[in-house]
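To keep things clear, I will list the structure first and then write my remarks on it.
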Amino acid sequence: DDLEETLLQKEALEQLAAALTALAPELRDIIILRYYRGYTLTDIARMTGTGYGMVKVAHRKALEQIRHSLP
C-alpha cells in the first residue's frame, strides 16, 4: 500500500510539473510565488508592479489551465 501510494503521488507530481511547465512564464511565476513561496496575491501584485486585479485574473487563468491539463 505504501509503495502504491508513493507511486501515485510521484505520478501526480510529475503531471503537475508538466502542467506548470506548459504555462506562460508570467502565469507560472504567479503560481510558484503563491503556492510554493506562500505570498498572497496582494504581495505578488506589489512585487511585480502589477495591479491586484490583473494578478487575480492571471492567477485564475493559470489555475484553469492547470486543471484542464490534468487528467
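The values are calculated or read from the model by the stated rules, or taken from the named source; none is laboratory data. All values derive from a computational prediction rather than experimental measurement. Only protein heavy atoms, including side chains, enter the accessible area calculation; ligands, DNA and RNA are left aside. Shrake-Rupley method; radii C 1.70, N 1.55, O 1.52, S 1.80 Å.
The table below lists the values:
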{"quantity": "Helix-only CD estimate at 222 nm, as mean residue ellipticity for the chain, using -39500 (n - 2.57) per DSSP H run (n ≥ 4)", "calculated": "-24500 deg cm²/dmol"}
{"quantity": "Accessible surface, the chain, averaged per residue in Å² (probe 1.4 Å)", "calculated": "75"}
{"quantity": "Rounded tilt (10° steps) of 2-22 against the dominant C-alpha axis of the chain", "calculated": "30"}
